[in-house]
Amino acid sequence: MADGEEPMAVEGCSIGDWDGRWSHVQKFLERTGPFTHPDFEPSEETLQFLLETCKILVIGAGGLGCELLKNLALSGFRHIHVVDMDIIDVSNLNRQFLFRSKDVGRPKADVAAEFINQRVPGCNVVPHFKKIQDFDASFYRQFHITVCGLDSIIARRWINGMLLSLLSYEDGVLDPSSIIPLIDGGTEGFKGNARVILPGMTACIDCTLELYPPQITFPMCTIASMPRLPEHCIEYVRVLQWPKDKPFGDAVGLDGDNPEHVQWVFQESLKRAAEFNITGVTYRLTQGVVKRIIPAVASTNAVIAASCATEVFKIATSAYIPLNNYLVFNDVDGLYTYTFEAERKDNCTACSQVPQKLQFPPSAKLQEVLEYLTENASLQMKSPAITATLEGKNKTLYLQSIASIEERTRPNLCKTLKELGLADGQELAVADATTPQTVLFKLNFTSETCSIKQVQN
Amino acid sequence: RQRTMTDHKTSKEQKYDRQLRLWGDHGQEALENAHVCLINATATGTEILKNLVLPGIGAFTIVDGHKVSGEDVGNNFFLTSSSIGKNRAQAATELLQELNSDVSGNFVEEVSVNVNILYFFHRFSLVIGVQLPESTCLRLGSVLWDAGVTFLVCRTYGLIGYMRLIVKEHTVIESHPDNALEDLRLDQPFTELKHHIESYNLDSMEKKVRLIIDIIVVAKYLEKWYSEHNSQLPKNYKEKEAFRQLIREGILTNENGKPEDEENFEEAIKNVNTTLNPTKVPSATEDIFNAEQCENITSQSPSFWVMAQGVRDFVRNEGNGKLPVRGTIPDMIADSDKFIKLQNVYRDKAMKDAAVVSKHVEALLQSVGKPPESISEEEIKLFCKSAAFLRVVRCRSLAEEYSMDTFNKDEITSCMDSTDSEMVLYLMLHSVDRFYQQHSRYPGVYNYQVEEDINNLKLCVNSLLQEYSLNVNVKDDYIHEFCRYGAAEPHTVAAFLGGSAAQEAIKIITHQFVPFNNTFLYNAMSQTSATFQL
């Protein structure tokens, strides 16, 4: 910016604004340009729309969330809600810059909102110390755009499913006003990605499940009897020894955030490692394995959140054509970005509206259906609950997440589909943490000589 | 109960835990001993500093003579409206300092003309210059180049981000490559490895005793292959398939003639591609061995080059053309005992090789009159382990980039052949700098200026292309767009650069990971970027 120039007088400012406050933003809203979106029209009203009307939902107030809130607030957005179910931990402080050591233990959403509202006058961030699943469609429907900075694929799929459920169709045609764009960012160490999802129009989270790297797990035989790495020793203590020894009491589960628990695992892992002449068990490694820690720095979160916020701005103002639709970033060696269009999957469980099929012979056990739902690469359900309509009544065939129902329905797993009274062409309703809506599957019986598991796609 | 050393991590270790897992305690130490200088606390500048203060940089000093304006507060998280009219360096320092009490924040309103500029800048690990006019960049660049101080130039211009790194020579031992090939030496096994492989006899082993290790399987079959193929590795897909078939035939069959479930053989077949990579010195390491700094060791030589010559001498003598053994092997399905034994074969050899390299290094140090302790065993071991991943980054000076005689005409011309290459943004940034020199302002700052400035900016573009004899076409759209920007610094673009530049600064300070070389351009309209070596 050149020196000594007169600041521009801004017309129609809100109270508390000062001269030139939105000057950097206004140049993109009040001038024509050769690269603007075809829908774009320069106007002073767009800034007013951002300041007074546009409502943004930010999911996550952690590494990405803090950056997103700052970026949106300084781009003119004032009506922002932020949802986060976590409280602040000291290990957040190296990058979640809205928090200080005095805030440790307080809800992230609350502290983040306080900080932004105080630092950026006029900005009104409304915090929600809740899980995303605590809200229903009427909550999500109020927002113009949703932007996520989550650390869980399950949560991403859930919000993806929720926004898809808000779509309305008239005579099979999608009503554009029911679309709430979803901007999603993710980071891990020095890698990150940002994507733009227009539910019902572009590839959704579930369309590209294979892009997410699988979680590292070790085979049980390695952990139980053939450890070779220090990580195997730690997993042994975590998975096998802790439930046996119950070091802190009968019903006390291993809490990775409890230093005493981690210390116990560390000492026992050293012993196990010594038995096998394995070196390399450290406290840091122990904590990393127990908590499945992903390394993180401020810089990567800054880059990804910046890209996401740029897209929110473009979509809210039609200033430019949005990212179409996936950006990958890596700055281990120089700086590398790759931008491509992720494609929709024709039979995506979440967004395709193509009826999902389950093909099994009548002699297949319910257990096999359960395994298919969790292991199939396109489904990757976590703990699906299966219900069916039998003799006019809704019957739960198997549900894992409630202990009493799990116990009652467990015997069904060993029964065949025929024994359970299921018929060819029957609909099964499957509920799971990965989606807010039940997924309907049509059961097709195959002949006995066919292979038992047929992979869809 | 009593707390032991391992019981509770210090609060700093807890705070920095997530980043310590990336650059280690030694990287953190380097960061905490660094002092960075930022020139101009604009949004881009404070975003860069935020990403250095949060991870715990030792100290920063902001140099900025500007007074805070209303526009500044609008896009900068570290300025508030109460600071309008005050010195920008001071205002920003307060709010940046507040982020992390471990860090020492300082500010200077201006570097007085009377102060020796060289003296002022010499204390910094790195100087970051933000939103600097071209003439200032070139002048400062020349001073810092002569002083050997690394200079990172950053700029947000509308929806464009620009970074230029200027460092004469930056060495990296720990580059942490994403997809490193393993150092298994199966094609040319060292003596101890050969003996270890020989200790297994595949033919006499019953199935349950055969739970050995897939690379042993590969090694055994490689011996067979070598005897039939003149000791040459399987080279292409056809040969690798033939090799896999050879292994497949070795799988035991049960009484019914059906193949047994032999996991190690299956793993061996699957991993043929990665286990059979030929052992050789990577070209980047070869270049380091052939560099002038490696050849001519003096008492001033940094330890990197002394160790490089030590390893080079090893390669040419005891190593028989091969680097010291790395000593790590990937995890593989195997019985613990056998895996540890195999791992120790590699570890022991790595230690032996490192000891030989140590001897070379000691002799070198003595020959230039330095005590052998000047380079520790730990450093040498780390260097040997990283020998295949060493990198050196050398950037050209700004003077070379701009000079009529040495500017990179080929790169600019060939990039401009592809439509919408980010190179056009580079040319546009130069053009707006010309405009600034002529008109003492940037184009299109006020609405009424946009139209008429388009023509003037076009004249600047044309004069630039003419002066450098660049026969390229800059589309009018870009000229219009750059007028439209009015030299705005939108926060989200400043934040993107803030993250990018800070990480490059951390790479420079820690000497871990590899910095870019040397010009980075980010286009927020298309969300694309490019790196050019200019």
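The values are calculated or read from the model by the stated rules, or taken from the named source; none is laboratory data. In this text the structure is predicted, and so the values were computed from the model without any measurement. A quick note on method: Cβ atoms are made from the backbone with ideal geometry, for glycine too, and the neighbour counts reach across all protein chains shown.
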Only unsatisfied item for A:Asp110, checking (1) of a type in the set (D, E, K, R); (2) out of contact with any strand residue (DSSP E or B) (no Cβ under 7 Å at 6 or more places or on another chain); (3) at pLDDT 95 or above, is (2)
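Can we say B:Val306 is among the hydrophobic types (A, V, I, L, M, F, W, C), touching a helix residue (DSSP H, G or I) at 6+ places or on another chain (Cβ under 9 Å), at pLDDT 95 or above and surrounded by fewer than 20 Cβ atoms within 10 Å (Cβ to Cβ)? Working first, answer last.
Values: among the hydrophobic types (A, V, I, L, M, F, W, C): yes; touching a helix residue (DSSP H, G or I) at 6+ places or on another chain (Cβ under 9 Å): yes; at pLDDT 95 or above: yes; surrounded by fewer than 20 Cβ atoms within 10 Å (Cβ to Cβ): no.
In short, no.
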Return a yes/no flag: does the range B:22-35 have any residue that is facing chain A (nearest Cβ under 9 Å) and surrounded by fewer than 24 Cβ atoms within 10 Å (Cβ to Cβ).
yes
How many residues, within the range B:70-110, are of a type outside the set (D, E, K, R), in contact with a strand residue (DSSP E or B) (Cβ under 6 Å, 6 or more places away or on another chain) and not in a helix (DSSP H, G or I)?
6
Take A:Gly122 and tell me if it is on the phi > 0 side of the Ramachandran plot, crowded, with 16+ Cβ neighbours inside 10 Å and either within 13 Å of chain B (Cβ to nearest Cβ) or in contact with a Pro (Cβ under 7 Å, 6 or more places away or on another chain) (or both).
no
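Results for (1) surrounded by fewer than 20 Cβ atoms within 10 Å (Cβ to Cβ); (2) touching a residue at least 40 places away in the same chain (Cβ under 8 Å); (3) hydroxyl-bearing (Ser, Thr, Tyr), shown as yes or no for each residue.
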residue: A:Lys357; (1), (2), (3): yes, yes, no
residue: A:Leu366; (1), (2), (3): no, yes, no
residue: A:Glu375; (1), (2), (3): yes, no, no
residue: A:Ile386; (1), (2), (3): no, yes, no
residue: A:Thr396; (1), (2), (3): yes, no, yes
residue: A:Glu407; (1), (2), (3): yes, no, no
Residues in the range A:200-224 that are aliphatic (A, V, I, L, M), away from chain B (no Cβ under 12 Å) and free of Cβ contacts under 8 Å to residues at least 60 places away in the same chain total 2
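When you check B:Asp420 against the structure, is it modelled with pLDDT of 95 or more and either among the acidic types (Asp, Glu) or in a helix (DSSP H, G or I) (or both), yes or no?
Working: modelled with pLDDT of 95 or more: no; either among the acidic types (Asp, Glu) or in a helix (DSSP H, G or I) (or both): yes.
In short, no.
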If we scan the range A:259-271, do we find a residue that is outside any helix (DSSP H, G or I) and facing chain B (nearest Cβ under 9 Å)?
no
Out of all the residues in the range B:313-342, which are more than 20 Å from A:Pro219 (Cα to Cα) and either assigned to a helix (DSSP H, G or I) or within 14 Å of chain A (Cβ to nearest Cβ) (or both)?
B:Asp313, B:Phe314, B:Val315, B:Arg316, B:Gly327, B:Thr328, B:Lys341, B:Leu342
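So is A:Ser91 surrounded by fewer than 24 Cβ atoms within 10 Å (Cβ to Cβ) and out of contact with any helix residue (DSSP H, G or I) (no Cβ under 6 Å at 6 or more places or on another chain) or not? Give the derivation first.
Numbers: surrounded by fewer than 24 Cβ atoms within 10 Å (Cβ to Cβ): yes; out of contact with any helix residue (DSSP H, G or I) (no Cβ under 6 Å at 6 or more places or on another chain): no.
No.
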Residues that are in contact with a Lys or Arg (Cβ under 7 Å, 6 or more places away or on another chain) and part of a helix (DSSP H, G or I), drawn from the range B:274-312:
B:Ala284, B:Phe289, B:Cys294
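Could you check the range A:305-399 for strands (runs of 3 or more DSSP E) lying wholly inside it with 1 or more residues that are closer than 30 Å to B:Gly498 by Cα and not β-branched (Val, Ile, Thr)? Talk me through it step by step, then tell me what you get.
Numbers: elements: A:326-330, A:336-340, A:356-360, A:385-390, A:393-398.
Filter on the range A:305-399 gives A:326-330, A:336-340.
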Of the conditions (1) outside any helix (DSSP H, G or I); (2) within 12 Å of chain B (Cβ to nearest Cβ), A:His232 fails just one. Which one is it?
(1)
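Determine whether A:Thr46 is closer than 21 Å to B:Leu159 by Cα and away from chain B (no Cβ under 13 Å). Don't jump to the end; show me each part of the working.
On the way: closer than 21 Å to B:Leu159 by Cα: yes; away from chain B (no Cβ under 13 Å): yes.
Answer is yes for this residue.
Using the structure shown, decide if B:Ile375 is more than 30 Å from B:Gly444 (Cβ to Cβ) and in contact (Cβ under 8 Å) with a residue 24 or more places away in the chain.
Values: more than 30 Å from B:Gly444 (Cβ to Cβ): yes; in contact (Cβ under 8 Å) with a residue 24 or more places away in the chain: yes.
Yes: the conditions hold for B:Ile375.
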Evaluation of B:Lys370 against (1) touching a residue at least 40 places away in the same chain (Cβ under 8 Å); (2) within 14 Å of another protein chain (Cβ to nearest Cβ); (3) over 29 Å from the mean Cα position of the chain (by Cα) (one fails), failing number:
(2)
Restricting to the range A:326-353, count the residues that are within 12 Å of another protein chain (Cβ to nearest Cβ), within 30 Å of A:Gln437 (Cβ to Cβ) and either of a type in the set (Phe, Trp, Tyr) or crowded, with 23+ Cβ neighbours inside 10 Å (or both).
3
Could you list, in sequence order, all residues of the range A:264-280 that are among the polar types (S, T, N, Q) and farther than 13 Å from A:Trp242 by Cβ?
A:Asn277, A:Thr279
For A:Asp84, are the conditions met, namely being free of Cβ contacts under 8 Å to residues at least 60 places away in the same chain and either closer than 30 Å to A:Ile294 by Cβ or more than 9 Å from chain B (Cβ to nearest Cβ) (or both)?
yes
Return the residue satisfying two criteria in turn: it lies in the range A:65-81 and is facing chain B (nearest Cβ under 10 Å) and touching a His at 6+ places or on another chain (Cβ under 7 Å), and of such residues it is nearest to A:Leu98 (Cα to Cα).
A:Asn71
Can you name the condition, by its number, that B:Ala91 falls short on among (1) closer than 27 Å to B:Ser440 by Cβ; (2) touching a helix residue (DSSP H, G or I) at 6+ places or on another chain (Cβ under 7 Å); (3) surrounded by fewer than 20 Cβ atoms within 10 Å (Cβ to Cβ)?
(3)
